Amino acid sequence: TDSVSPVASNVEARTPPYPKLLKRLEEVRRLLPNRKLTLAEKILFSHLDNPEESLLGGTDNGASIRGRATLKLKPDRVAMQDASAQMALLQFMSCGLPTTAVPASIHCDHMIVGEKGADVDLPNSIAGNKEVYDFLESAAKKYGIEFWPPGAGIIHQAVLENYAAPGLMMLGTDSHTPNAGGLGAIAIGVGGADAVDALVDAPWELKAPKIRGVRLEGKLSGWVSPKDVILALAGKLTVRGGTGYIIEYHGPGVESLSCTGMATVCNMGAEIGATTSIFPFTPSSHVPYLQATHRSSIAEQALRIASGPQNLLAADAGAQYDDEVVINLSELEPHINGPFTPDLSTPLSAFKATVEANAWPETFGAGLIGSCTNSSYADMTRCESLVRQASEAGLKPKADFFITPGSEQIRATVDRDGLMQSFETAGGMVLANACGPCIGQWSRTDGVNKGEANAIFTSYNRNFPGRNDGNRQTMNFLASPELVTAMSYAGRTDFNPMTDTIPLPNGQSFRFAPPAGTDLPSAGFAVGNPHFQPTPPVADSSVEVAIDPESDRLAVLEPFEPFPREDLTGLRVLVKVKGQCTTDTISAAGPWLKYKGHLPNISENTLIGAISADTEAVNTVTDFDGSSHTIPDLAKKWKSESQPWIVVAEHNYGEGSAREHAALQPRYLGCRIVLAKSFARIHETNLKKQGVVPLTFADEADYDRLAGCDEVRTEGLYDVLQRGGKGEVSLVVKKQGSGEEVRVPVKCNLSPDQCGFILAGSALNLLAKKGKS
Ligand code: F3S
């Protein structure tokens, strides 16, 4: 555990291009002379490819940029996790470039199972995924991408420790990429096709977000942790409340948060649909964190910029937010969110009554702490302080207790400092530095069967049905790691560690004192296993990218067919989805992750979590002849019959992750349109990039007028695609059975560039075409 990181020598390549950004910001000031800018705007605008075109073109000369302008951005870097990197790289490869245009990194974290503990699970997962890791590593070496091998850690933790920096703008192929906002970066979760834009130096498009201010007042103390800020906010704003917004934290309360605590808050901004979240450069926490992670020179530059005339790293005094929420940290309570949706938020003091009122299980089987969201040194030391108290009283956790370190740096440090020993002595199981149970890669060994209702508590960020163990009946309650740890000792959902006691064998009772911890290790971070360091980012064109033509896990991508030179006709409704439809619903994770690089094989899971409004059953639809099928089976049948189709859905279609497979798979199977009441931002963009047209109902009530197998043709869509992509279109629906025709007005909302994607068949088709011309 040498305390000097071998990656420290690489700090220059990890420093945002500050002089260039400051120059660009000056140019933006000249274009928008009287405008006070928020922090998010400063960083975004200083990354514009052509500020004049983006800010003044089509926006009343700059008067109404937010929600209107299309920003064409040049991000500084790209990070990819192993599951989504496969498709991103397959797409990048088809563009034929020798190296990536911006620095990039690959992190092997999603495909590692949590079952028996890191020592067993990691080698098993490496053996089981060797083919994919070989592909990723060979592509990384060929194109000069830093490759973080399995076991090195979870993407967002590695990014925070190595790449995030105040003023940076980056894209990540994972929806929790905004984690880096905790260190003052604009970091946005995207699909692989968007990442390819940055990797090939094409400007990446973003509709200028609105900015929601969250003013923090007061100070955190006792049981309340940074996680509670976002758990409470999710309850206030709901899973749709952040859509189209960047959440910008500010106010005096910011100073009481650690850098990693800010990252936790930004990480879970994804749960309210925000484009991203960001904290201002906060010297009291950011400088020590940058120093501890071997980036003192970045800290020095950030300090200089913060005292300079432009101050790229904080909002202008008097900058306006589109709206604002105030949270007083001194009055905040711990919260518990769930089950099944991250915005069902209950203050701890009301949780017992809520458990009773809803007849949720009174006991729970597992408490899981760590993950990309909550495995900082502060989190681990605070949890360990509780474990130590309980151990001294002679208690063991009643629920199974799992710890997932976010990175090798964290694991090695808490191991050196004796925390791991406390966890393990208490009976906790330390899992690999990877996603594991957070992404359905949890082989439970406690006898809970699929379909059995049960509860778990996690310090993770997401809790859709089936997310952790593949069992849709597992109720995942999200809380701070401190709360999960303390509650695991009672094993009861109605236990309030702030007020309740646990009986001891000697007849006395035990009550936890509030957790206490330290933000950063006094002896510095340990480096840990040298095998978990990344490969250097040097391109070597002589490397052959490893793809076996016989593979069932990797397949070279075939281009999709272009849009016809006329309106679409003869489409059929494959499924009318009822209720929530997340990207997990459309493309399930867990065991399917292994087919991420093989489009035909992973398409076997398409929409298997969807409830059909016609049959009222999960993954059950009917063909024209009345025969019953699973959704992917009917889609495959229709594909083989050259029968194109559409999906009809309700609100926030595609919420959840940045998983582009949720767009690619339907497209591959023959989907041309998704018609929904509303869309989640990342998924809507992904659909457009893959050549699927997202349309919204002009009148939501028309949802009721469509059903499975109805025949649909568009009127005016081709015309709208020719004219820039915005406007009303009609769907003429011939009802299956009666043959009656109904007309459904719908809205199309594409940018001119996106029209190009749709017409070419996909964004990649267009890029490849441009590359050849
Ligand atoms: Fe991994 Fe879960 Fe985070 S899947 S990236 S640990 S949200």
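Just so it is clear, none of the values below were taken in a lab; they were calculated from the coordinates. What you see is a predicted model; the values in this text were computed from it and never measured. Heads up, the Cβs are rebuilt from the backbone with ideal geometry, glycines too, and the neighbour counts pull from every protein chain shown.
Where nothing but the Cβ of Lys and Arg (+1) and of Asp and Glu (-1) is charged, how large is the charge dipole of the chain around its Cα centre, in debye to the nearest 20?
Computed charge dipole of the chain: roughly 1160 debye.
For a quick check: sort Val28, Val732 by the number of other beta carbons within 10 angstrom, fewest at the front.
Val732, Val28
Per residue of the stretch 582-591, what does 6.51 cos²θ - 1.76 cosθ + 1.60 with θ = phi - 60° give for ³J(HN,Hα)? Whole Hz please, x for Gly and Pro, Karplus curve as stated.
Residue by residue, the stretch 582-591 yields 8, 5, 5, 5, 7, 9, 4, 9, x, x Hz.
With r as the distance between the Cβ atoms of Arg511 and Ser64 and R0 = 56 Å, compute the FRET efficiency 1/(1 + (r/R0)^6) and round to 0.05.
The value I calculate is 0.50.
In the stretch 607-634, which residues have a backbone nitrogen under 19 Å from the label point lying 7 Å from Ala701's Cα in the Cα-to-Cβ direction?
Under cut-off, by backbone N: nothing.
Measure off 7 Å from each Cα along the Cα-to-Cβ vector at Asn529 and Glu741, then give the distance between these two points in nanometres to one decimal.
6.6
Within the stretch 64-108, which residues have the backbone N less than 19 Å from the label spot 7 Å out from Asp201 along Cα→beta-carbon, could you tell me?
From the stretch 64-108, the list is 72-79, 92-105.
What ³J(HN,Hα) values, in whole Hz, does the Karplus curve 6.51 cos²θ - 1.76 cosθ + 1.60 give for the stretch 174-187 when θ = phi - 60°, with x put for Gly and Pro?
Once θ is set to phi - 60°, the couplings for the stretch 174-187 become 6, 5, 8, 3, x, 3, 5, x, x, 10, x, 9, 8, 10 Hz.
If you find the alpha carbon centre of the stretch 477-536 and of the stretch 346-360, how far apart are they in angstrom?
The two parts, judged by their Cα centres, are 22 Å apart.
About its Cα centre, how strong a charge dipole does the stretch 405-461 have in debye, to the nearest 20, once Lys and Arg get +1 and Asp and Glu get -1 at the Cβ?
140
Measuring from the lowest to the highest alpha carbon on each principal axis, how far does the stretch 571-772 reach, largest first, in angstroms?
47, 42, 30
As a test, work out the antiparallel percent of DSSP beta bridges whose residues both lie in the chain, rounded to the nearest 5.
If we restrict to bridges inside the chain, about 40 percent are antiparallel.
If you wrap a convex hull around the Cα atoms of the chain, how much volume per residue is inside, in Å³?
Taking only Cα atoms, the chain has a hull volume of 150 Å³ per residue.
For the residue pair Ser628 and Val556, what label-to-label distance in nm results when each label sits 7 Å from Cα along the Cα-to-beta-carbon direction?
Result for the modelled spin labels: 4.3 nm.
Return Ser642, Ser657 ranked ascending by Cβ neighbour count within 10 Å, so the fewest neighbours appear first.
Listed from fewest to most nearby Cβ atoms, that is Ser642, Ser657.
Give the percent of DSSP beta bridges with both residues in the stretch 571-772 that are antiparallel, rounded to the nearest 5.
60
The stretch 710-744 to the stretch 261-282: how many Å between their Cα centroids?
So the separation of the two Cα centres works out to 39 Å.
Hey, what do the phi angles of the stretch 536-553 turn into as Karplus ³J(HN,Hα) couplings, whole Hz, using 6.51/-1.76/1.60 and θ = phi - 60°, x for Gly and Pro?
After applying 6.51 cos²θ - 1.76 cosθ + 1.60, I find x, x, 10, 6, 10, 5, 6, 6, 8, 6, 7, 9, 7, x, 8, 4, 9, 10 Hz.
In terms of modelled amide H atoms, which long-range or inter-chain residues lie less than 5 Å from the amide H of Val325?
Gly213, Val214, Arg215
What is the distance in Å between the Cα centroid of the stretch 127-167 and that of the stretch 614-629?
Using only Cα atoms, the two centres lie 42 Å from each other.
In terms of modelled amide H atoms, which long-range or inter-chain residues lie less than 5 Å from the amide H of Ala366?
Asp400, Phe457
Would you mind checking which residues have amide H under 5 Å from Phe679's amide H? H placed 1.01 Å from N; only 5 or more apart, or other chain.
So Phe679 has HN proximity to Asn652, Tyr653.
Expressed in whole Å with the largest first, what are the equivalent ellipsoid semi-axes of the stretch 138-235 derived from the C-alpha gyration tensor as the square root of 5 times each eigenvalue?
Three semi-axes, in Å: 30, 19, 11.
Where does each of Glu544, Glu255, Glu205 land when they are ranked from fewest to most other beta-carbon atoms within 10 angstrom?
Glu544, Glu255, Glu205
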